[in-house]
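Okay, so here's the structure we're looking at.
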Amino acid sequence: MSLAHFYPVIVAGGRGTRFWPRSRTRRPKQLLALDSTRTMLQQTAARLAALAPPRRFWVITGSQLKAPIARQLPRVPRKHIIAEPVGRNTAPAAGLAAFLLLRDDPDAVLGMFPADHVIADPNRFRQAVLQAVEVAAAGPNMVIMGIAPTRPETGYGYIETGEEVGPGLRRVRRFTEKPDAARAREFLSAGNYQWNSGMFVWRAQTLADLLREHLPHTAALLEQIAAARGTGRFKRTLARLYRKVENISVDYAVAEPQSAKGEAASNLYCITADFGWSDLGSWAALYEHRAAAFQDGANIVEADGRFEVDSAGNYVHAPRKFVATVGVKDLVVVETGDALLITTRDRAQDVGKIVKHLEAKRRKDLL
């Protein structure tokens, strides 16, 4: 399969509120080095570098992040880093990329990749992307990367798969949003459900047509914005019209309505691959990812020296301090220059509530 028309589109506009206090408005989760010496954005680009040259990369992000992203990805053309004037979720972001690509390459195949995922096996990941590109290029097909569930997770959406049409490739029956614990256990037992990774691959023309069908108002606005590309009107047109597009994810905008057409008619496909995926959605998820290389109950401590007695399962980030843990279990402690987070791993999903509180109190200095 030729990759001459493949364009990676990295979606990098999230705020990462559950990684407060390290994740902030001007330096969110995807711009942090949480699990290596490279940031999550840089890791995402590096995984895709073997599939496309930097000149074919696109990044969709927020207006405050364009400059730091350009510094972190200096080989990506700056004109390919599109700053949304307001956040409008993944459907408008991917759709804008599709309409822009169609102006230059009618055969373009775009892959949408969130900037904040962790992939343990990049080679298997690239093999799965190659297969997805091949399926997407063959017709008006929409391909989603599914992850075989390992636990009854309630924090992810699920994909119910149907007929197998190739190695690791199945048709999609339906999408299900985050289930409760009982339904998650049912999905795990059924054996034909996959976690929704949020990674999609289509021909640009396919995505444009799907948006025209299911989101006509937004599609028309995105097409107008793309038509202004290369003129002195682009920034003004983007700022004026993008605010009017619908705030909606790819899943809700096109995947779910397509699946309603039925398994055989929807042209929806799921590639199931085991490449060690995690979306690192919280401090607890980061602990589990980091601790996988250690024995059960390991303490993950990022500090200037450490001492521990009867302590297990803790994640501590205090890089400028000596850290001692005595008789504590399953804590998350994260220190920055102006804030200190203390929680338990099982409550780490609630860290985003702190950000909402700070917004209500107008504590911009801590956001």
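The values are calculated or read from the model by the stated rules, or taken from the named source; none is laboratory data. These figures come from a predicted structure and were not determined experimentally. Cβ placement follows ideal geometry from the backbone for every residue including glycine, while neighbour counts extend to all protein chains displayed. With ligands, DNA and RNA removed, areas are computed over all heavy atoms of the protein, side chains included. Shrake-Rupley method; radii C 1.70, N 1.55, O 1.52, S 1.80 Å.
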Practice item. Send over a whole-number figure in Å² for the accessible area per residue of region 1-94, probe 1.4 Å. Key: 40
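Please return the longest range in the chain lying between exposed loop sites, taking chymotrypsin sites (Phe, Trp or Tyr not before Pro), DSSP loop only, at most 15 other beta-carbon atoms within 10 Å, and leaving the sites out.
1-293
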Practice item. Over region 285-367, give the accessible area per residue in Å² for a 1.4 Å probe, as an integer. Key: 63
Check your understanding: Which distance in nm do the two modelled labels at residue 78 and residue 4 give, with both placed 7 Å along the Cα-to-Cβ direction?
Key -> 3.2
Point to revise | Carbon + sulfur, % of accessible area of the chain - ligands and nucleic acids excluded, 1.4 Å | key: 49
Review point. Quick one: how many lysine pairs in region 308-367 have C-alpha atoms under 28 angstrom apart, if they're 8 or more apart or on different chains?
Key: 8
**Study point:** Projected-area mean, region 220-306, by convex hull of Cα positions, square nanometres
**Key:** 12.1
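Using a Förster distance of 45 angstrom, determine the FRET efficiency expected from the C-beta separation of residue 261 and residue 350, and round it to 0.05.
Details: r = 38 Å, r/R0 = 0.85.
Approximately 0.70, to the nearest 0.05.
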Check your understanding: How large is the dipole of the chain about the Cα centre if only Lys and Arg carry +1 and Asp and Glu carry -1, each at its Cβ, rounded to the nearest 20 debye?
Key -> 1880
Check your understanding: By its C-alpha gyration tensor, with a ≥ b ≥ c as the square roots of the eigenvalues, how is region 294-362 shaped: rounded for a/c under 1.5, else prolate for a/b larger than b/c, else oblate?
Key -> oblate
Revision key, fill the gap. When every protein chain stays in place and a 1.4 Å probe is rolled, 321, 364 sorted by accessible area with the largest first are 364, 321
Point to revise | Ranked order, 117, 357 - accessible area, probe 1.4 Å, largest first | key: 357, 117
**Study point:** DSSP bridge pairs, region 1-124: antiparallel proportion in percent, nearest 5
**Key:** 5
Review point. In degrees from 0 to 90, rounded to the nearest 10, what is the angle of the helix 181-190 Cα long axis to the longest principal axis of the chain?
Key: 60
Review point. Just in region 50-155: which trypsin sites (Lys or Arg not before Pro) are loop by DSSP and have at most 14 other Cβ atoms within 10 Å?
Key: 75
Check your understanding: At residue 239 and residue 25, where each label point lies 7 Å from the Cα along Cα→Cβ, what is the point-to-point distance in nanometres?
Key -> 1.8
Study note, to complete from the structure: So for R0 = 22 Å, FRET eff. of residue 359-residue 338 from the Cβ-Cβ r, to 0.05, ends up at 0.85
**Study point:** Percent of alpha-carbon pairs separated by more than 27 Å within region 143-297
**Key:** 38
Practice item. Any lysines with Cα under 28 Å of the residue 79 Cα? List them, leaving off those in the same chain fewer than 8 positions away. Key: 29, 66, 235, 244
